[in-house]
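Working notes, structure below.
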Amino acid sequence: MERFRRIPLFIIASLLVGLKTYLVYRFYFNLSFESVFQEIIIFINAFAFSFFVFSIGVWFKKKRQKKFIYITTIAMTFILIANLMYYRNFTDFITLPTLMQVNNAGDLGGSILSLFHFEDIILILDVALIFYLGKREIFPIQPFSTLFKRRILAVAFSFLALNMVLAELERPMLFKRGFDREYLVKNVGLYTFHGYDAFITATMQSKRIFADGSEFNEIEEYVKDSVEESQNAEQSIDLEGIAEGKNIVYIAFESAQEFVINRELHGEEITPFLNELIEDSYYFDNYYHQTALGKTSDHEFLMDNSLYPLPNSAAFFTHSQNEYYALPEIIKEQKGYNSYVFHANNASFWNRNVMYESLGYDEFFDVESYDFTKEDTIGWGLNDKMYFEQSVDILKEQEDPFYAKFITLTNHFPFDIPEEEASLDPYESDSVTLNQYFQTVRYTDEAIEDFMNKMKEEGLYEDTIFIIGGDHYGVPSYHNEALGEYLGKEITPFEDVKLQKVPFIIHIPGHEDDRTISTLAGQIDYKPTILNMLGIELEEDIRFGSNIFDKPSDRKDFIAFRDGRVVGKDYVYASGVCYDNETGEPVEEETACEDIREQATKELNYSDEIIYGDLLRFYDFESGEVIEAEEEQDE
């Protein structure tokens, strides 16, 4: 016992924090482990980094050493808990650019509180214990000899080196796969991931400074050869120009996933109105959201620009001052359309008040445009029914033809709804999130029905084309066990990819040629689809999507996600495994997914280069020529 009490406090602290870190990795995060080797690596990296950081304290004198131990314990605990809260909502890890979005936290309200679980109290017990041990000096805090310091530092670096070697063996070229944050955390740990993220962020921020336009030539060639060739493709359904002169309304159905469509709960349809609307509309049942950390703002970015979201931040925040050639700007320039956004949230949320100007929107009707009290709110803000009611009153005063985007709020995590407002009983499972999700989905379905009826009452219905789409997933994979019980199947990585489908409906009043279409498509395809429906042919444009009504054989054969997953026509790549898209079973041929993975990676990288370097400022969209940096400065 006496020998045990001779162990320095910094070692005890590193063991306690390392153990806590491992417990969070293993039992709090929903990480997938394919082998015992991965289990060993995550155990090592939890303790390796903790020991390395606390060992720095040996270089301080006694008083500062104790303070360093306290501060380090608190800091590492804060990082761990903050990531856990974030993970429970987004099934992802915090990146440095997301810290710039901290002003969004004020709107989270009950969302943050719902992310705390009772068992989380265990994550601060070691903090209290370390402070107690330090105060009572049960374990020594003392000056150390130079030899001891050097030996401790050598041991600490050895542990880190071992971790890196094992990580490289398990996942070669790991740091070249920065898009897959789960792999980074599993192999090198959360804290090392944050260091890597800071380096990458600094590197990317410098790209705009050194960009001169020459980077654009290769990208332009790729777009013309691989994407724009589909402009002349034969269309399976020819709707070119059908929207010309008509109003276009897009409704972003917050957090709506495709699995709720035409499904029941307690013997009742979850989305009765949308189910009925689909029978008189074009419905795409193989349409994927492709958002990343920016969630709803990423979906807007994708659809307005046909560019991919960024891998570790939200472009709405970090690149709102870039030059874009977005949908609102094009349709105003080509067809004289005014563009409006209706969203009963703060104008600064997701930096929309700045980004919308860059995208070319004429006006943003934010929360200040609506009249309501606290009793009229559900979850994040004004309830969707009152929101649509007042939005139509505003819309009818606008000059047409117009393009109007509506972003709903009620069906937002944590899906809280007063009992008297719910017309569907909650689901019963271990997941409160899933239990409440169906109720708020139903509420927004009813709100959209009310909206359509009011558009008819105001005489706006017949001359308007309505598009309804889910912006991103609603139920994080953290709740896949409960969701699997509802769906009656195990949620494998393959099934989890399939759950990223969101509803996409195009309703054209008076148009009878309607059907359900299973074309593989995603949010990247929205911009070219709307332009085609408006009869706008752009000879020069930089986009990565294509018209959703083109023949499937003439379209790209993959949908890319920011986390490295890819859905192809024949194969699906997820969690390092290639699956047969028809059977959902892993395929034996290791190279089966290689082609779509390479193509997806190339497109994602090209899109990143455009955004990070602000390369569209070097492109003349009339002539299709790249402007040299010197010419841009002269202008």
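Relative to the longest principal axis of the Cα atoms of the chain, helix 190-210 runs at roughly 50 degrees.
Taking one quarter of the surface of the C-alpha convex hull of the range 502-635 gives a mean projected area of 11.3 nm².
Here, the range 373-496 yields an orientationally averaged convex hull projection of 9.3 nm² when only Cα atoms define the hull. DSSP loop GluC sites (Glu not before Pro) in the range 542-618 with at most 13 other Cβ atoms within 10 Å of their Cβ, which ones? Answer in residue order: 582, 588, 589, 590. The phi-based Karplus calculation (6.51 cos²θ - 1.76 cosθ + 1.60; θ = phi - 60°) puts the 3J(HN,Hα) values of the range 593-602 at 8, 4, 5, 5, 5, 5, 5, 5, 4, 4 Hz, whole numbers, x for Gly and Pro. If you fit an axis through the alpha-carbon atoms of helix 146-170 and take the longest principal axis of the Cα set of the chain, what angle between them do you get, 0 to 90°, nearest 10? Once rounded, the angle reads 40 degrees.
In whole angstrom, how long is each semi-axis of the equivalent ellipsoid of the range 420-459, when you take the square root of 5 times every eigenvalue of its Cα gyration tensor and sort them from largest down?
29, 8, 5
Could you compute the net charge surrounding residue 347? Neighbours are other residues with a C-beta less than 10 Å from the C-beta of residue 347; K and R count +1, D and E count -1.
-1
Here residue 374 is the anchor, and the aspartates and glutamates within straight C-alpha reach of less than 18 Å, apart from those fewer than 8 places off in the same chain, are 107, 366, 384, 389, 416, 419, 420, 421. A protection proxy built from the mean count of other Cβ atoms within 10 Å ranks the segments 509-518, 71-80, 552-561, most packed first, as 552-561, 71-80, 509-518.
Restricting everything to alpha-carbon atoms, can you work out Rg to Rh for the range 177-333 with a Kirkwood hydrodynamic radius?
That ratio equals 1.03.
First compute the accessible area of the range 507-583 with a 1.4 Å probe, then give the percent of it belonging to carbon and sulfur atoms.
38
Rg of the Cα atoms in the range 265-331, relative to 2.2 N^0.38 Å, amounts to 1.52. Summarised as an ellipsoid, the range 334-422 has semi-axes of 26, 15, 10 Å, derived from the eigenvalues of the Cα gyration tensor scaled by 5 and square-rooted, with the largest first. For the pair the range 583-615 and the range 500-550, the centres of their Cα atoms are 22 angstrom apart.
Report the far tail of the P(r) of the range 474-571, meaning the percent of Cα-Cα pairs longer than 16 Å. For the range 474-571, the fraction of Cα-Cα distances above 16 Å is 66 percent. Ordered from largest to smallest accessible area (heavy atoms of protein chains, 1.4 Å probe), the residues 460, 169 come out as 169, 460. Partners of residue 489 within straight-line reach, counting aspartates and glutamates whose Cα lies under 18 Å from its Cα and excluding those fewer than 8 residues away in the same chain: 258, 264, 428, 430, 481, 580, 582, 585. Here the Karplus relation 6.51 cos²θ - 1.76 cosθ + 1.60, evaluated at θ = phi - 60°, turns the backbone of the range 399-416 into coupling constants of 6, 10, x, 9, 10, 10, 10, 10, 10, 7, 10, 4, 7, 10, 3, x, 6, 7 Hz, with x for every Gly and Pro. Computed from Cα positions, the angle between helix 122-136 and the longest principal axis of the chain comes to roughly 30 degrees. Normalised by the number of residues in the chain, the mean separation of alpha-carbon contacts (under 8 Å, six or more apart) gives a relative contact order of 19 percent. The alpha-carbon of residue 20 sits under 26 angstrom from the alpha-carbons of these lysines, leaving out residues fewer than 8 places away in its chain: 62, 63, 66, 67, 135, 149, 186.
A 1.4 Å probe run over the protein chains yields, for the chain, 42 Å² of accessible area per residue, whole-number rounding. On a per residue basis, the convex hull of the C-alpha atoms belonging to the chain measures out at 179 Å³.
Among the listed pairs 501/556; 207/602; 224/405; 246/501, those with a Cα-Cα distance over 21 Å are 224/405; 246/501.
The values are calculated or read from the model by the stated rules, or taken from the named source; none is laboratory data. Please read these numbers as outputs of a predicted model, since none were measured by experiment. Every residue, glycine among them, receives a Cβ derived from its backbone with ideal geometry; neighbour counts consider all protein chains shown. Ligands, DNA and RNA are excluded from the accessible area calculation, which covers all protein heavy atoms including side chains. Shrake-Rupley method; radii C 1.70, N 1.55, O 1.52, S 1.80 Å.
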